[in-house]
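Data first, discussion second: the structure below is written as structure tokens.
The values are calculated or read from the model by the stated rules, or taken from the named source; none is laboratory data. Here the structure is a predicted model, which is why all the values come from computation and not from measurement. As a convention, Cβ positions derive from the backbone with ideal geometry for all residues, glycine included, and neighbour counts pool all protein chains shown. For the accessible areas, the whole protein counts, side chains as well, though only heavy atoms, and no ligand, DNA or RNA atoms are used. Shrake-Rupley method; radii C 1.70, N 1.55, O 1.52, S 1.80 Å.
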Amino acid sequence: MSTDLSFLASPAAIESIGTPWLWASTIGVVLALLVLDFAITRRPHEVSMREAIGWTVFYIALPIAFGIFLWVRNGNETGLEFFTGYLLEKSLSVDNLFVFMLLLSAFAVPVALAQRVLLYGIAGALVLRGIFIALGAAALATLDWAFLLFGLILLVTAVKLLADAAGGHDQEVDVSSMKSVKLMRRFMPVTDDYRGTKMTVIEAGRRALTPLALVVAAVIVTDLVFAVDSVPAVYGVTGDPFLVFATNAFALLGLRALYFVLHAALSRLVHLAYGLAAILAFIGVKLVLHWAHGVWSGVPTIPTAASLVVIVVVLATVTFTSLRATRGQNRDVETAN
């Protein structure tokens, strides 16, 4: 079996602005923020709206500042690719949040532990995205048809999202049928109740899992599913592995706080699936055209600026139509109460 990894060192194979110090400093900041978040959630507490909004503003300002830095340092195209990729990943992460909300509800996670579960999910997602980004970069460097493959993955995903939305299939979580839960229960007993932030305890002389361990495993498995779509999508915006990593990292870091800000609004985004399907289909077409352009130079490609405009317009449209379609929801709840 060949072990030639020379393509990883070939600047012609993968063009990137990611110098060693830029990679090191970015990863250092991401790890520092994760450590800070774990320290904040060490003592479980219910998150106030003021706290959630404060952290959300911080985690939005951070990538904006970073994007401006890249724009000034590396030029307009790099800055545009970063902001487009970040917006794409942030929009996809809202769908992550909806599934996280279902998981937290299905596992009856105490309110005080919710942010701890989300943080484990974010850490797991960062690791999985890092692996997929590396695999994606290797594929793009060695396989001429990788863009075509990524494009087809996104098109299939878009069709599935659209079919589920049009068919009125609500996303549901059946805890008992989840493979990760079945596997963990097969090897270890599970306590009946949560034990704070502990994922394992000694009970009746045996090591046992707590429900927190099960929900964290379920969230990480969910992260794996989302990574399959998310990483190819951002590679449709930029082929630079550093920008792909940075956009994913900054989009994921703020999810813990954003969850509590959007919790009430998530149920009102009834047209979000349609918007995400449209965005993924658009990026899928862009990737296929990029592949075709390399084979037949006459095939047009879609510029990054156009991608940014499409993503913004689609998100604005589905947000407006969703809020309009559910505008009587709050009044009905107040009337019922």
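On the given criteria, is Val270 at pLDDT below 85 and not small (Gly, Ala, Ser)? Considered against the rule, which asks whether it is at pLDDT below 85 and not small (Gly, Ala, Ser), Val270 comes out as yes. When region 31-53 is filtered for residues that are in contact (Cβ under 8 Å) with a residue 40 or more places away in the chain and more than 25 Å from Gly130 (Cβ to Cβ), the ones remaining, listed by number, are Pro44, His45, Glu46, Val47, Met49, Glu51, Ala52, Ile53. Cβ-Cβ distances below 6 Å connect no pair with a first residue in region 101-119 that is among the charged types (D, E, K, R), a second residue that is part of a helix (DSSP H, G or I), and a separation of six or more residues or different chains. Whenever a residue of region 144-159 is more than 11 Å from Val285 (Cβ to Cβ), its partners that are surrounded by 17 or more Cβ atoms within 10 Å (Cβ to Cβ) and among the acidic types (Asp, Glu), lying with C-beta atoms within less than 9 angstrom and at least six residues away or across chains, give the pairs Ile153/Asp229; Thr157/Asp229. So is Ala336 at pLDDT below 85 and over 22 Å from Ile68 (Cα atoms) or not? Yes: the conditions hold for Ala336.
When Val159 is tested against (1) of a type in the set (Val, Ile, Thr); (2) at pLDDT 85 or above; (3) more than 20 Å from the chain's Cα centre (by Cα), exactly one condition is not met: (3). For region 9-43, filtered to residues that are within 30 Å of Lys198 (Cα to Cα) and open to solvent by less than 40 Å² (accessible area, probe 1.4 Å), the residue that is modelled with the lowest pLDDT is Thr41.
For region 237-261, the set of residues classified as open to solvent by less than 10 Å² (accessible area, probe 1.4 Å), small (Gly, Ala, Ser) and outside any helix (DSSP H, G or I) consists of Gly254 only. Kindly indicate whether Ala227 is at pLDDT 80 or above and surrounded by 14 or more Cβ atoms within 10 Å (Cβ to Cβ). Yes.
Sub-6 Å Cβ pairs linking a first residue in region 171-198 that is assigned to a loop (DSSP other than H, G, I, E, B) and open to solvent by less than 60 Å² (accessible area, probe 1.4 Å) to a second residue that is at pLDDT 75 or above and charged (D, E, K, R), at least 6 apart or interchain, are Thr197/Arg116, ordered by first then second residue. For region 271-290, the set of residues classified as among the aromatic types (Phe, Trp, Tyr) and touching a residue at least 40 places away in the same chain (Cβ under 8 Å) consists of Tyr274 only.
Candidates are the residues of region 290-325 that are among the small types (Gly, Ala, Ser) and farther than 25 Å from Val234 by Cβ; the one that is modelled with the highest pLDDT is Ala325. Checked against (1) of a type outside the set (Gly, Ala, Ser); (2) in contact (Cβ under 8 Å) with a residue 12 or more places away in the chain; (3) within 23 Å of Phe242 (Cα to Cα); (4) surrounded by fewer than 19 Cβ atoms within 10 Å (Cβ to Cβ), Leu88 passes all but a single condition, namely (4). From the list Val127, Val94, pick out the single residue that is in contact with a helix residue (DSSP H, G or I) (Cβ under 8 Å, 6 or more places away or on another chain), among the hydrophobic types (A, V, I, L, M, F, W, C) and either at pLDDT 80 or above or in a helix (DSSP H, G or I) (or both). After applying the criteria, what remains is Val94. Being closer than 26 Å to Lys286 by Cα and open to solvent by 10 Å² or more (accessible area, probe 1.4 Å), is that true of even one residue in region 205-219? No - not one qualifying residue is present in region 205-219.
Have a look at Gly328, Gly275 and point out the one that is modelled with pLDDT under 85 and either open to solvent by less than 30 Å² (accessible area, probe 1.4 Å) or touching a Pro at 6+ places or on another chain (Cβ under 7 Å) (or both). Going through Gly328, Gly275 in turn, just one is modelled with pLDDT under 85 and either open to solvent by less than 30 Å² (accessible area, probe 1.4 Å) or touching a Pro at 6+ places or on another chain (Cβ under 7 Å) (or both): Gly328.
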